[in-house]
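Peer 1: Quick one: structure below, then a few questions.
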Amino acid sequence: MAKDVLCEVDSCRHWSNGNKCAAEQIYIVSKHQASTSSETDCKTFEVK
């Protein structure tokens, strides 16, 4: 599991210096099944 979650959304209250997410947990939702990284906003996406 990732040690740090990096995020560039500085308008979020959980955003912290260094583009780190300070939330205790994160919840990610998608309406579509992604098959390529270009279909997501996740820079670390890899197809299973």
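Peer 1: If only one of SER38, SER11, SER16 is surrounded by 10 or more Cβ atoms within 10 Å (Cβ to Cβ), among the hydroxyl-bearing types (Ser, Thr, Tyr) and out of contact with any Phe, Trp or Tyr (no Cβ under 8 Å at 6 or more places or on another chain), which one is it? Walk me through how you get there before you give the answer.
Peer 2: On the way: SER38 fails: surrounded by 10 or more Cβ atoms within 10 Å (Cβ to Cβ); SER11 fails: surrounded by 10 or more Cβ atoms within 10 Å (Cβ to Cβ).
Matching residue, one of SER38, SER11, SER16: SER16.
Peer 1: Could I ask something else about it? Can you name the condition, by its number, that ALA2 falls short on among (1) in a loop (DSSP other than H, G, I, E, B); (2) surrounded by fewer than 10 Cβ atoms within 10 Å (Cβ to Cβ); (3) more than 13 Å from the chain's Cα centre (by Cα)?
Peer 2: For ALA2, the exception is condition (3).
Peer 1: Further question on the same structure: If I ask for residues that are among the polar types (S, T, N, Q) and surrounded by 10 or more Cβ atoms within 10 Å (Cβ to Cβ), which ones from segment 19-34 would you list? Before you say what the answer is, go through the steps one by one.
Peer 2: Let us first name the residues in segment 19-34 that are among the polar types (S, T, N, Q), namely 19, 25, 30, 33.
ASN19, SER30 - these are the residues of segment 19-34 that are among the polar types (S, T, N, Q) and surrounded by 10 or more Cβ atoms within 10 Å (Cβ to Cβ).
Peer 1: Considering only segment 27-45, I want to know if a residue exists there that is under 10 Å from the mean Cα position of the chain (by Cα) and among the basic types (Lys, Arg).
Peer 2: Taking every residue of segment 27-45 in turn, at least one turns out to be under 10 Å from the mean Cα position of the chain (by Cα) and among the basic types (Lys, Arg).
Rule-based calculations on the coordinates, nothing more; no lab input. Given the structure is predicted, the values throughout are model-derived calculations rather than measurements. For neighbour counting, all protein chains shown are included, and Cβ atoms are generated from backbone atoms with ideal geometry for every residue, glycine included.
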